[in-house]
Amino acid sequence: MARITYIEHGGKEHTIEVKNGLTVMEGARDNGIPGIEADCGGACACSTCHVYVAEEWVEKLPAKDPMEEDMLDFAYQPDPARSRLTCQIKVTDALDGLRVQMPEKQI
Ligand code: FES
């Protein structure tokens, strides 16, 4: 279980507890958090689950695999350092306190 704070583009914060084994995207989707669309349902094929990870968390997350890296090229205004696809990040206890911010829009 990890408490994850999802921050809307405008600054509104939603902190929720997400079960281990779900993805960061599923945590947002299952709790109706706006700003993460996840059109492909988590298949790493749409880039509409894009977020900017808080700087202090960038190094703590598992590295991006090449498929996520490629798909991020299609995201709206990706930041090479902080952008991630939330469907590719599995929740574990180690993610407790994670903060992510949604972009102005998904593609
Ligand atoms: Fe489509 Fe993440 S949900 S790439």
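Where a number appears in this text, it was derived from the coordinates with a stated rule and is not lab data. All of these numbers come straight from a predicted model, not from anything done at the bench. Glycine gets a Cβ as well: all are built from the backbone with ideal geometry, and neighbour counts include every protein chain shown.
Would you mind ranking Thr5, Thr23 so that the residue whose beta carbon has the fewest other beta carbons within 10 Å leads the list?
Fewest to most other Cβ atoms nearby, the residues stand as Thr5, Thr23.
Within segment 1-96, list the GluC sites (Glu not before Pro) lying in a DSSP loop whose Cβ has at most 16 other Cβ atoms in a 10 Å radius.
Values: sites: Glu8, Glu13, Glu17, Glu26, Glu37, Glu55, Glu56, Glu59, Glu68, Glu69; in loops: Glu8, Glu37, Glu59.
In loop regions of segment 1-96 (DSSP not H, G, I, E or B), the sparsely surrounded GluC sites (Glu not before Pro) are Glu8, Glu59.
Arranged by the count of other C-beta atoms within 10 angstrom, fewest first, what order do Thr15, Thr86 take? Could you put the intermediate results ahead of the total?
Numbers: Thr15 11, Thr86 24.
Starting with the residue having the fewest Cβ neighbours, the order is Thr15, Thr86.
Largest first and to the nearest Å, give the Cα extent of the chain along each principal axis.
If we take the Cα atoms of the chain, the spans are 30, 27, 26 Å.
Quickly estimate the mean residue ellipticity at 222 nm for the chain, helices only: each DSSP H run with n ≥ 4 gives -39500 (n - 2.57), and the total goes over all residues, rounded to 500.
Counting only the DSSP helices, I get -4000 deg cm²/dmol.
Read phi for every residue in segment 40-46 and hand back ³J(HN,Hα) as whole Hz from Karplus 6.51 cos²θ - 1.76 cosθ + 1.60, θ = phi - 60°, with x for Gly and Pro.
With coefficients 6.51, -1.76 and 1.60, one gets 8, x, x, 8, 6, 10, 9 Hz.
Restricting to DSSP loop positions (anything but H, G, I, E, B) with no more than 15 other Cβ atoms inside 10 Å of their own Cβ, which chymotrypsin sites (Phe, Trp or Tyr not before Pro) remain in segment 39-107? Walk me through the numbers before you get to the answer.
On the way: sites: Tyr52, Trp57, Phe74, Tyr76; in loops: Phe74, Tyr76.
Here the chymotrypsin sites (Phe, Trp or Tyr not before Pro) that fit, given the DSSP loop and packing criteria, are Phe74, Tyr76.
Counting Lys +1, Arg +1, Asp -1, Glu -1, what net charge surrounds Ile16 among other residues with beta carbon under 10 Å of its beta carbon?
So the surrounding residues net to -1.
Give the residue list of trypsin sites (Lys or Arg not before Pro) in segment 40-107 that are DSSP loop and have at most 15 other beta-carbon atoms within 10 angstrom.
Lys60, Arg82, Lys105
Which one of Gly35, Cys46, His14 is farthest out on the positive end of the charge dipole of segment 12-80, using unit charges on Cβ (Lys, Arg +1; Asp, Glu -1) and the Cα centre as origin?
His14
Would you order Arg29, Arg3 from fewest to most other beta-carbon atoms within 10 Å of each residue's own beta-carbon?
Arg3, Arg29
Under a crude label model (7 Å from the Cα following the beta-carbon direction), how far is Glu69 from Met1 in nanometres?
Calculated label separation equals 3.7 nm.
Which whole-number percent gives the relative contact order of segment 48-91, counting Cα pairs below 8 Å spaced six or more residues apart?
For segment 48-91, the relative contact order is 62 percent.
For the chain, what relative contact order do you get, as a whole percent, if you take Cα pairs closer than 8 Å and at least 6 residues apart?
Details: 226 pairs, mean separation 45.0, N = 107.
Relative contact order for the chain comes out at 42 percent.
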